[in-house]
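Q: Following this message is one structure expressed as structure tokens.
The values are calculated or read from the model by the stated rules, or taken from the named source; none is laboratory data. What you see is a predicted model, and the numbers here were worked out from it, not measured in a lab. Neighbour counts are summed over all protein chains in view; Cβ atoms, including those assigned to glycine, are modelled from backbone coordinates with ideal geometry. Keep in mind that these areas ignore ligands, DNA and RNA; they rest on the heavy atoms of the full protein, side chains included. Shrake-Rupley method; radii C 1.70, N 1.55, O 1.52, S 1.80 Å.
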Amino acid sequence: MSDTQVKAVLFDLDGTLLDTVKDIGTGANLALCRCGCPEYPLEDYRGFVGHGIKNLFRKIVPVSAGEEVYQKALDFYLSYYPDHCMDHTELFPGIRELLHKLQAAGYRLGVITNKTQETAQKIMDHYFPEVDFAFVWGRSGDRPLKPDPAAGKLACAELGVQPEEVLFFGDGDTDMAFAVNSGFWPVACSWGYRSREELTAAGARQIVDTTAELEHILHL
């Protein structure tokens, strides 16, 4: 794909725009503690995020604990995290400047995340109130999660673009698979929660180490 074709840039949230793992891990560990389950080092949560919170809790709640404990832990997290989702979350270097440049250059912008819709919107409104995102889509029950391409088709309809005119930027294997499935240009960042090998295997065409590299790709 030629960069001159790109009209829209869509983003993942966790691990791409914002480093959210401390808040996610803290909330999850509190949920585990409440249920008598062993906790995990916060760093371990980098490998757990990316496939939705229900899948994360499937990974961290011991199977032997049973379905009732799983549900209790998940319910605690879902009640706790929205009020504490910005306690320790931080922007990755260069992200705000990147978004400003993209907006000034006329690109349509959007976010597609497997994070809960309401929480995703709250976070984006807090950290990027000045950025005109066409939409922030999270887990809401009316769209399948990434890597299912359904949200990609809806995004194209919303933005009035063709799949080949969209660059999807993310940090996860799910993001790259979603971009490939949707017919988007899959570009990954190296500062998130997956290795370069995982990103390449999932379909990343390019992996950037800095936001300046993405700006260069798009001639910003």
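Q: So if each residue of separation counts as 0.36 nm, and I subtract the Cα-Cα distance between residue 88 and residue 118, what length gain in nm does that give?
A: Going from the current span to full extension adds 8.9 nm.
Q: At a Cα cut-off below 21 Å, give the lysines reachable from residue 101, other chains included and same-chain residues fewer than 8 away excluded.
A: 7
Q: Which angle from 0 to 90°, rounded to the nearest 10, does the C-alpha axis of helix 67-84 make with the longest principal axis of the chain?
A: With rounding to tens, the tilt is 60 degrees.
Q: With angles folded into 0 to 90 degrees, how steeply does helix 173-182 sit against the dominant principal axis of the chain? Use alpha carbons for both and round to 10.
A: 50 degrees
Q: Related question: Could you name the lysines whose alpha carbon sits less than 28 Å from that of residue 72, not counting residues in the same chain fewer than 8 places away?
A: Filter leaves 22, 54, 59, 115, 122, 146.
Q: Right, another one. Would you mind pulling out the separation of the Cα centroids of region 133-175 and region 86-125, in Å?
A: Rounded to whole Å, the Cα centres lie 14 Å apart.
Q: Mind checking which of 62, 15, 210 is farthest towards the positive end of the chain's charge dipole, using Cβ charges of +1 (Lys, Arg) and -1 (Asp, Glu) about the Cα centre?
A: Positive-most Cα among the choices belongs to 62.
Q: Right, something else. Between residue 7 and residue 164, how many nm apart are label points set 7 Å from Cα along the C-beta direction?
A: It works out to 1.3 nm between the two label points.
Q: Now, a different point. Before rounding to the nearest 500, sum -39500 (n - 2.57) across all DSSP H runs of length at least 4 in the chain and divide by the residue total; then give [θ] at 222 nm in deg cm²/dmol.
A: -12500 deg cm²/dmol
Q: Right, another one. Hey, can you rank 151-164, 130-143, 12-25 by average C-beta count inside 10 Å, highest first?
A: For the peptides 151-164, 130-143, 12-25, the packing ranking is 12-25, 151-164, 130-143.
Q: Okay, next question. For region 1-131, what does the accessible surface come to per residue with a 1.4 Å probe? Please give it in Å².
A: Averaged over the residues of region 1-131, the accessible area is 46 Å².
Q: Relative to the first principal axis of the alpha-carbon coordinates of the chain, what is the inclination of helix 117-127, with its axis defined by its Cα atoms, in degrees from 0 to 90 and to the nearest 10?
A: Taking the Cα atoms of the chain, the angle to 117-127 is about 60 degrees.
Q: In what sequence, highest mean first, do 116-124, 173-181 appear when ranked by Cβ atoms within 10 angstrom?
A: Ranked from most to least packed, the peptides come out as 173-181, 116-124.
Q: Can you give me the relative contact order of region 26-76 as a percent, contacts being Cα pairs under 8 Å and 6 or more apart?
A: It rounds to 44 percent for region 26-76.
Q: Would region 119-220 count as rounded, prolate or oblate if I go by the C-alpha gyration tensor, calling it rounded below 1.5 in a/c and otherwise prolate when a/b exceeds b/c, oblate otherwise?
A: Since a/c stays below 1.5, the shape of region 119-220 is classed as rounded.
Q: Moving on to the next point. Using the Cα centre as the reference, give the magnitude of the dipole from point charges on the C-beta atoms of region 1-159 (Lys, Arg: +1; Asp, Glu: -1; all else neutral), rounded to the nearest 20 debye.
A: So the dipole magnitude of region 1-159 works out to roughly 400 debye.
Q: What part of the accessible area of the chain, given as a whole %, is carbon or sulfur when the probe is 1.4 angstrom?
A: The nonpolar share, carbon plus sulfur, comes to 51 percent.
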